[in-house]
Every structure is written in structure tokens, then in C-alpha cells.
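Participant: Got a structure here, written out as C-alpha cells. Questions coming.
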Amino acid sequence: MALGAQGFADPRPAGRIDRRHLRRVLDRMGLIQIDSVNVLVRSQELPLFSRLGPHPRSLIWDATRDGELFEYWVHEASHVPTAHHHLYRWSMERPRRWGSFRSFSRDRADFVEEVYGIVRDTGPLVASDLSERDGKKGPWWDYDDAKVALEILFDFGRVAAYRRQNDFARVYDVAERVLPADALAHPTPSEREARKQLLEMAARSYGVATMSDLADYHRHTHVRELVDELVDEGRLWPVEVEGWTKAAFMHPDATVPRRITARAVLSPFDPVVWNRERAERLFGFHYRIEIYVPKAKRRWGYYVLPFLLGDELVARVDLKADRAASTLLVQSAWGEIGIDADDVAHELAAELSDLAGWLELERVHVVGPGDLAPALASALASTVSPSG
């Protein structure tokens, strides 16, 4: 049910892939989480590849520039259909992130308004276009005062943003110049009804979920009363799931596919696995990425991705795109207990070959350790190269 709700019961399309297919994926997922790490490919591109296979990499970019998608803080930074803009306005009424942002918006309100005036009068800009450089710059983020002001305006929905292609920087402009007029004109529901609609959407995207699962999808808190109302209204059904200790819920339209025949490498921020506790509860798959773990302490690898085969997570691979050498590097490959290593390696080799071809890399090389690495290297040797 969970995989079907996320679109993995649907066969990958044959032939030309276009905006219609992007919409189909978004109808299932509801949003696509954004992440800046580019060791393989930016994370927001992987959910499309996992569900559609090779496709034009401009799909998300084009849909954003056309006003069909917008970026906002939902499940972290996310691409969201602009048709859902009205469901997030309750969140835009107040800064909802760190306390330092809230105090900044209160204590330096005049400065925030000054930055808004610059954006309004000068048109699209990135944070570096502003001359204010008073704040301390940390090792990870460049949140000087002007950047903080822009992010506060972004939180409030007064400015909107899209990503610059060459360096992934946010380009800010007043919302009315970025978002379609019909999206902005849509009536604003009450906060209670908007949050209920989002919980209902989460249930549709998850298939079956606990209350904490539903809350996590759009990063809600205090949802018990809302979920109870949805149950009373017939918009959610309470269910029991064998092995789960918490109450569960399903969307009335959820179905149980006859079978799942998927083959996909998953982004660390794919809804199938972004909630690590849920992934372990569903698949018995304990998953962590190790980007922030010192190299000597990593168990699986820097950017390790789960491999979905059928309805199971059967392996994990640490991948890197060596663009200079036109090679997709497998820096480690590990199989789950009980798999048929040769079968899994054969399927994974085919998927990695498709992934490399999509990324315009000429070859796939296994260069690191792992109990699946030898079988994968052998399978890749018998797989047609991406350029072939």
C-alpha cells in the first residue's frame, strides 16, 4: 500500500516523458524535498528518476519557472504545486522556524522592510546582490543579516524564490511576480481546515500511516484532534497493522496493488525513506546517511542510497558522479540479509547503468568495499555500458 501510494505500482512510462508525467508523480507525492548536496545529482531529481526512469532533467526547473511549482518550507525546503499555495498560508502568517529568526523579525522589522523594498524596486536578486554584510558567517551557511531578512520574507510568503541553475542559489522576488495570479487569488481556508487537508493529503501519499507519520509529512505538530475529526468525517479510516504498536490510518481511496515490480535507487529524502523510523517499521531497513559522519566512523558511505527491488529494500549503495572522468562511482555496495546476491546485483547493475546514462556518464565502476561489491562488479561487466 505504501509503495503503491507513492507511485511504485505504476510502470515507468515508455517513450517521451513530459510535464504530464511530472504531474502524475506530484499527484502521488504531493511535494518533492530539495537538498543542495550534488555528489551524485541534486536530491530533488532522484524521485523523478526512481519513478519515471530517464527523463528530461529540466522538468522541475521548467515547471518552477512556469509557475506550476513553487518552493516553500514544508517537509524541509520543498517543491510544491502552486495549486496548493492556499494550504500553506496559515504557516506564512508567522515565522515558524528558529527562534533567532523570530527575534530578528521582531527586533529588526525596519531592516526587513528595507530589504523588501529593495526586492520590490530592483526585481529578482540573490542574497549576494545585497551589500549588508554585518552578520557572522558560519562554516555551513551564509546567513548574514540580509540573507536572514530575505529568508524571513520568504517564510512570510511576501517574497517567493526559485533556484539559479548554475549555482543553486535562491533567486528572490516579490511573490506577485513569481506565482500565478490564480494561485494567489484562491480563497484562504482556516488554519484548521488547511491542516486537515494536508493531513488527508499525507494519508493519500503514504497509503497507511501512524498519526506521527501523517504529522511528519508536512511537519505538523499537535494533530490528534485534527486526525480525530478526519476520522469522524470519514476522510481517514482507522486500521490496525500487524506488528505496529501505534494506531494507524489509511485514506479511503488507498488500494492494495496486486504486486510491486519496482526497481529504483532512492534519494535519502524520498518519502519512502525520509522518515527513518517508518522505513524501519515498514521494511526492517535501518537507514542513515553519513554525510555529517567523520569518514573514519562511516559504516555504509558518504551518500548511501537504498535500492528498492519489488516491494523490498534489498541493498544500499554509496554513489558519486565523477564528472571529470565521466564515471558513476560505486564507493560501496551492501546487500541486506537473506537476499540472492547475484539476482540483486544483476538488477542493481541495470539500474545504475540507466542512471549513469541519464546523467550523461559513460561508465559505472565499483571502486569500494561491501559484501555486494564483487557480485555487482561482475554484473556490471556483463551489462551494456550507458553509451552503448
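The values are calculated or read from the model by the stated rules, or taken from the named source; none is laboratory data. As the structure is a prediction and not an experimental result, all values here were calculated from the model. Glycine gets a Cβ as well: all are built from the backbone with ideal geometry, and neighbour counts include every protein chain shown. Each accessible area value is taken on the protein alone, full model and side chains, heavy atoms only, with ligands, DNA and RNA left out. Shrake-Rupley method; radii C 1.70, N 1.55, O 1.52, S 1.80 Å.
Participant: Could you tell me whether segment 371-388 includes any residue that is under 22 Å from GLU45 (Cβ atoms), outside any loop (DSSP other than H, G, I, E, B) and either at pLDDT 95 or above or among the charged types (D, E, K, R) (or both)?
Facilitator: no
Participant: Regarding PRO47, is this residue within 19 Å of the chain's Cα centre (by Cα), open to solvent by less than 40 Å² (accessible area, probe 1.4 Å) and closer than 30 Å to ALA262 by Cβ? Lay out the reasoning, then the answer.
Facilitator: Working: within 19 Å of the chain's Cα centre (by Cα): yes; open to solvent by less than 40 Å² (accessible area, probe 1.4 Å): yes; closer than 30 Å to ALA262 by Cβ: yes.
So PRO47 passes the test.
Participant: Considering each residue of segment 1-26, count those that are within 14 Å of the chain's Cα centre (by Cα) and under 17 Å from PRO257 (Cβ atoms), and give that number.
Facilitator: Summing the residues that are within 14 Å of the chain's Cα centre (by Cα) and under 17 Å from PRO257 (Cβ atoms) in segment 1-26 gives 2.
Participant: Considering only segment 317-352, how many residues are open to solvent by less than 50 Å² (accessible area, probe 1.4 Å) and assigned to a helix (DSSP H, G or I)?
Facilitator: Here the count works out to 8.
Participant: Are there any pairs with C-beta distances below 9 angstrom linking a residue in segment 215-226 that is within 17 Å of ALA247 (Cβ to Cβ) to a residue that is β-branched (Val, Ile, Thr), with the two at least 6 apart or on different chains, and if so which?
Facilitator: Partner pairs satisfying both residue conditions: ALA215/THR221; ALA215/VAL223; ALA215/VAL227; TYR217/VAL74.
Participant: Sticking with this one: What's the number of the condition VAL115 fails, among (1) within 28 Å of GLU176 (Cα to Cα); (2) crowded, with 19+ Cβ neighbours inside 10 Å; (3) within 19 Å of the chain's Cα centre (by Cα); (4) hydrophobic (A, V, I, L, M, F, W, C)?
Facilitator: (3)
Participant: Would you confirm, using the coordinates I've provided, whether ARG316 is touching a helix residue (DSSP H, G or I) at 6+ places or on another chain (Cβ under 8 Å), of a type in the set (Lys, Arg), touching a residue at least 24 places away in the same chain (Cβ under 8 Å) and within 27 Å of GLU76 (Cβ to Cβ)?
Facilitator: Details: touching a helix residue (DSSP H, G or I) at 6+ places or on another chain (Cβ under 8 Å): no; of a type in the set (Lys, Arg): yes; touching a residue at least 24 places away in the same chain (Cβ under 8 Å): yes; within 27 Å of GLU76 (Cβ to Cβ): yes.
In short, no.
Participant: Then there is this: Can you name the residue in segment 10-29 that is in contact with a Lys or Arg (Cβ under 8 Å, 6 or more places away or on another chain) and part of a loop (DSSP other than H, G, I, E, B) and, of all such residues, is nearest to ALA63 (Cα to Cα)?
Facilitator: ARG12
Yes/no per residue for (1) in contact with a Lys or Arg (Cβ under 7 Å, 6 or more places away or on another chain); (2) aromatic (Phe, Trp, Tyr); (3) over 21 Å from ARG42 (Cα atoms):
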| residue | (1), (2), (3) |
| --- | --- |
| PRO306 | yes, no, no |
| ARG316 | no, no, no |
| TRP334 | yes, yes, yes |
| HIS365 | no, no, no |
| PRO369 | no, no, yes |
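Participant: I'm checking my understanding of the structure. Among residues of segment 71-81 that are open to solvent by 10 Å² or more (accessible area, probe 1.4 Å) and modelled with pLDDT of 95 or more, which one is farthest from GLY357 (Cα to Cα)?
Facilitator: Within segment 71-81, the match that is farthest from GLY357 (Cα to Cα) is PRO81.
Participant: If we keep just the residues of segment 96-112 that are in contact with a helix residue (DSSP H, G or I) (Cβ under 7 Å, 6 or more places away or on another chain) and open to solvent by 20 Å² or more (accessible area, probe 1.4 Å), which is modelled with the highest pLDDT? Spell out how you get there, then give the answer.
Facilitator: Of segment 96-112, the ones in contact with a helix residue (DSSP H, G or I) (Cβ under 7 Å, 6 or more places away or on another chain) are 96-97, 101, 104-105, 111-112.
Still in the running and open to solvent by 20 Å² or more (accessible area, probe 1.4 Å): 96-97, 104-105, 111.
Working: ARG96: 61, ARG97: 63, PHE104: 86, SER105: 86, PHE111: 91.
Looking at the filtered set, the residue picked out is PHE111.
Listed here are the residues, each with its yes/no results for (1) within 28 Å of ALA325 (Cα to Cα); (2) of a type in the set (Gly, Ala, Ser); (3) out of contact with any Phe, Trp or Tyr (no Cβ under 9 Å at 6 or more places or on another chain); (4) touching a residue at least 12 places away in the same chain (Cβ under 8 Å).
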| position | (1), (2), (3), (4) |
| --- | --- |
| ASP10 | no, no, yes, yes |
| ARG16 | no, no, yes, no |
| ARG19 | no, no, yes, yes |
| VAL25 | no, no, yes, yes |
| LEU31 | no, no, no, yes |
| ASP35 | yes, no, no, yes |
| LEU40 | yes, no, no, yes |
| PHE49 | yes, no, no, yes |
| GLY53 | yes, yes, no, yes |
